[in-house]
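The values are calculated or read from the model by the stated rules, or taken from the named source; none is laboratory data. These numbers were taken from a predicted model, which means no experiment stands behind them. Here Cβ is always computed from backbone atoms with ideal geometry, including for glycine, and neighbour counts include all displayed protein chains.
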Amino acid sequence: MTGGGLGGSLKGPGKETESLAQVWVPSRFNLPVDLPRRRKAVLNTFTGALVVLAAETWRQHLASRRQFRCDQAGAAEDAALLQSQGLLVPQNVNELDVVRLHYLSENFSDSRLGVTVVPTLACNLSCAYCFEGTARTPGVVRAWTKRREDQVVQHIASAASGKKAMDICWSGGEPLLAIKTISRVSSLLIPACKQAGMSYSATLLTNGTLLSRDVVGTLEKCGLSYIQVTVDVPAAEKRDRRGRDTAEAVLDNLAFAARRIPTHLRINLGRDEPAEFDRLYDALIRRNLHQHLKRVHFAHVFVPECGPRGCGFAAMPYPIYAQVSTRERRRAKASGLPVDDACWPEEIGCRATTRHSMVIGPDGLLYKCPHDVGLAERSYGSVETGTPTNLANLVPWLMYDWLQYERCAECPALPGCGGGCPHLQRFQPAQFDAMRYCESFLQQLRDRILDRALDAESPQSGVLRVITGKAQPRGGRA
Ligand code: SF4
Ligand code: SF4
């Protein structure tokens, strides 16, 4: 998705607005980082533009409380570039209002349907931090019947009416326990989208233990743009129900799967054990996965609201996670792994607050956030026709105000962070505070800006230049 700077409309820079603006000021969403040789890298967290410029240019145009007039002699070229990337904005525009409008238009856009499908909550592993699993509603349905599959397809098809694109995310439990359901439902949705002139894309989140060659062959027909496989540090977190280590078997599976289907590797950071990271990187490279994986990223695992072991998991404190993930991103990259180099520490975009998104649980119930699946009292409806909508469970998500938190008003990370994950904010606010999230989030952002800018070093360093052009982020994380 692309969008314009604040000089124009939400859909793109409007020439008429740009020409009307006379006085420009630095955006409140500029986040600067010092670079060697008296330069700065500046990320605008609303437009997503990352610009490297001389410290002198920063002082001239972007240092706080500066103002710049369009008709000011001699400054036009640099300023025009900074305006075009959203680093300079018209003085008379309220940037918070523009961000709010952007969130609203994104959240109520009619063009895409996003569906997270959870065909089963069952899993063959027993990770301590899992927010699904055995502690959910007793008697919860663990896999779909054929009738349920048909209801789900009909519900998705009906919700997709008039849309231009459908995005499916297969999740669980361990979704590959329901590979037949994934195959059957995909074989109905893909041609239906084609017939309706709608684009179809799908992703799948898995622990990788069941990615046999046969399963990969089946998945190749399921329209997946990528699969995400999760491994843990320490590896022992991912044991099967008999207590056996699964790490080597998962990497063996990946050695085949990553050649056939684009594969992202998510490394969950449970504890800081440097020898374990080295072992993992060696094991990946030994299998040539540094050449075949599309992306490697590190993730924090936090204490779930309701996990399988009575929430007894001790998460790595977020500030420690922030330090370890920066260090390991750099080390993994130096080892040749395809480490994600986006400026944002976490994936941007919260489906729960989007009008045309839903999560379908194994029980056929509809939720907004995947973290609620299995908690029937949080569902807002069902795929069964004639089921009334429970507005009390739907409206708070759609009306969620990303800009409601006082602490965020002056924060330069607000457009992408949006005050943090709404599920955490709504149901585990104490944990959000205890995480000391903000300071560490901003530090990670700065570390990533620095790395990204240094990676883009060129002989012209020091000249004003755009490393990544504007591409507005959405609020929150998924
Ligand atoms: S939650 Fe923290 S990091 Fe996020 S926008 Fe608010 S103040 Fe900034
Ligand atoms: S960002 Fe939070 S609330 Fe939104 S979908 Fe993800 S977990 Fe749920």
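With Y400, Y367, Y405 as the choices, which residue is crowded, with 21+ Cβ neighbours inside 10 Å and within 16 Å of ligand 1 (Cβ to nearest atom)?
Just a single option satisfies the conditions, and that option is Y400.
Could you tell me whether T385 is exposed (fewer than 15 other Cβ atoms within 10 Å of the Cβ) and not assigned by TED's automatic domain parsing to the domain that holds P234?
Judged against the criteria, T385 is a match.
Pick from the stretch 207-216 the residues that are out of contact with any strand residue (DSSP E or B) (no Cβ under 6 Å at 6 or more places or on another chain) and not small (G, A, S): which of them is surrounded by the most Cβ atoms within 10 Å (Cβ to Cβ)?
L211
Taking the condition at pLDDT 90 or above and over 18 Å from the mean Cα position of the chain (by Cα), does C408 pass?
Yes, satisfied.
Restricting attention to the stretch 200-222, report how many residues are without any contact (Cβ under 8 Å) to a residue 40 or more places away in the chain and in a loop (DSSP other than H, G, I, E, B).
Final tally of qualifying residues: 1.
Suppose the filter is of a type in the set (V, I, T), over 19 Å from the mean Cα position of the chain (by Cα) and modelled with pLDDT of 85 or more; does I168 pass it?
no
Is one or more of the residues making up the stretch 376-389 part of a helix (DSSP H, G or I) and either under 27 Å from A157 (Cβ atoms) or within 16 Å of ligand 2 (Cβ to nearest atom) (or both)?
yes
In the stretch 187-206, which residue that is surrounded by fewer than 22 Cβ atoms within 10 Å (Cβ to Cβ) and of a type in the set (S, T, Y) is nearest to G361 (Cα to Cα)?
So, considering only residues that are surrounded by fewer than 22 Cβ atoms within 10 Å (Cβ to Cβ) and of a type in the set (S, T, Y), the one nearest to G361 (Cα to Cα) is T203.
I'm checking my understanding of the structure. Among residues of the stretch 60-110 that are assigned to a loop (DSSP other than H, G, I, E, B) and among the aliphatic types (A, V, I, L, M), which one is modelled with the lowest pLDDT?
That would be A73.
Across the stretch 390-405, what is the number of residues that are within 13 Å of ligand 2 (Cβ to nearest atom), assigned to a loop (DSSP other than H, G, I, E, B) and modelled with pLDDT of 90 or more?
Number satisfying all stated conditions: 1.
This table checks each residue for (1) modelled with pLDDT under 90; (2) closer than 27 Å to W402 by Cα.
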| residue | (1), (2) |
| --- | --- |
| T2 | yes, yes |
| L10 | yes, yes |
| T17 | yes, yes |
| L20 | yes, no |
| V25 | no, yes |
| L31 | no, yes |
| K40 | no, no |
| V52 | no, no |
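Go through the stretch 425-434 residue by residue and tally those that are of a type outside the set (F, W, Y) and within 10 Å of ligand 1 (Cβ to nearest atom).
Result for the stretch 425-434: 1.
One line per residue, one yes/no per condition, for (1) out of contact with any Cys (no Cβ under 7 Å at 6 or more places or on another chain); (2) over 24 Å from A165 (Cα atoms); (3) aliphatic (A, V, I, L, M):
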| site | (1), (2), (3) |
| --- | --- |
| T353 | yes, no, no |
| D363 | yes, yes, no |
| L366 | yes, no, yes |
| Y380 | yes, no, no |
| N393 | yes, yes, no |
| D401 | yes, yes, no |
| D433 | yes, yes, no |
| Q443 | yes, yes, no |
| R446 | yes, yes, no |
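Quick test for you: out of Y281, Y367, Y321, pick the one residue that is among the hydroxyl-bearing types (S, T, Y), touching a residue at least 12 places away in the same chain (Cβ under 8 Å) and under 29 Å from R112 (Cβ atoms).
Y367
Would you confirm whether or not the stretch 356-371 contains a residue that is at pLDDT below 95, outside any loop (DSSP other than H, G, I, E, B) and either under 19 Å from the mean Cα position of the chain (by Cα) or in the same structural domain as M166 (by TED's automatic domain parsing) (or both)?
Within the stretch 356-371 (the criterion being at pLDDT below 95, outside any loop (DSSP other than H, G, I, E, B) and either under 19 Å from the mean Cα position of the chain (by Cα) or in the same structural domain as M166 (by TED's automatic domain parsing) (or both)), the answer is yes, since at least one residue qualifies.
Got a sec? Which of A283, A342, A352 is crowded, with 22+ Cβ neighbours inside 10 Å and away from ligand 1 (no atom under 16 Å from the Cβ)?
The match here is A352.
Restrict the check to the stretch 241-252 and report whether at least one residue is at pLDDT 95 or above and surrounded by fewer than 22 Cβ atoms within 10 Å (Cβ to Cβ).
Looking for residues that are at pLDDT 95 or above and surrounded by fewer than 22 Cβ atoms within 10 Å (Cβ to Cβ), one finds at least one in the stretch 241-252, hence yes.
If you take the residues of the stretch 406-430 that are in a loop (DSSP other than H, G, I, E, B) and of a type in the set (A, V, I, L, M), which of them is nearest to ligand 2 (Cβ to nearest atom)?
Here the answer is A413.
Tell me which helices (runs of 4 or more DSSP H) are completely within the stretch 242-303 and hold 3 or more residues being hydrophobic (A, V, I, L, M, F, W, C) and farther than 23 Å from C222 by Cβ, or say none if there are none.
The qualifying helices (runs of 4 or more DSSP H) are 274-286.
Are any residues in the stretch 291-314 more than 15 Å from Q228 (Cα to Cα) and at pLDDT 95 or above, and if so, which ones?
Passing the criteria: only Q291.
For the stretch 428-470: of the residues being of a type in the set (A, V, I, L, M) and modelled with pLDDT under 90, which is farthest from P415 (Cα to Cα)?
So, considering only residues that are of a type in the set (A, V, I, L, M) and modelled with pLDDT under 90, the one farthest from P415 (Cα to Cα) is V463.
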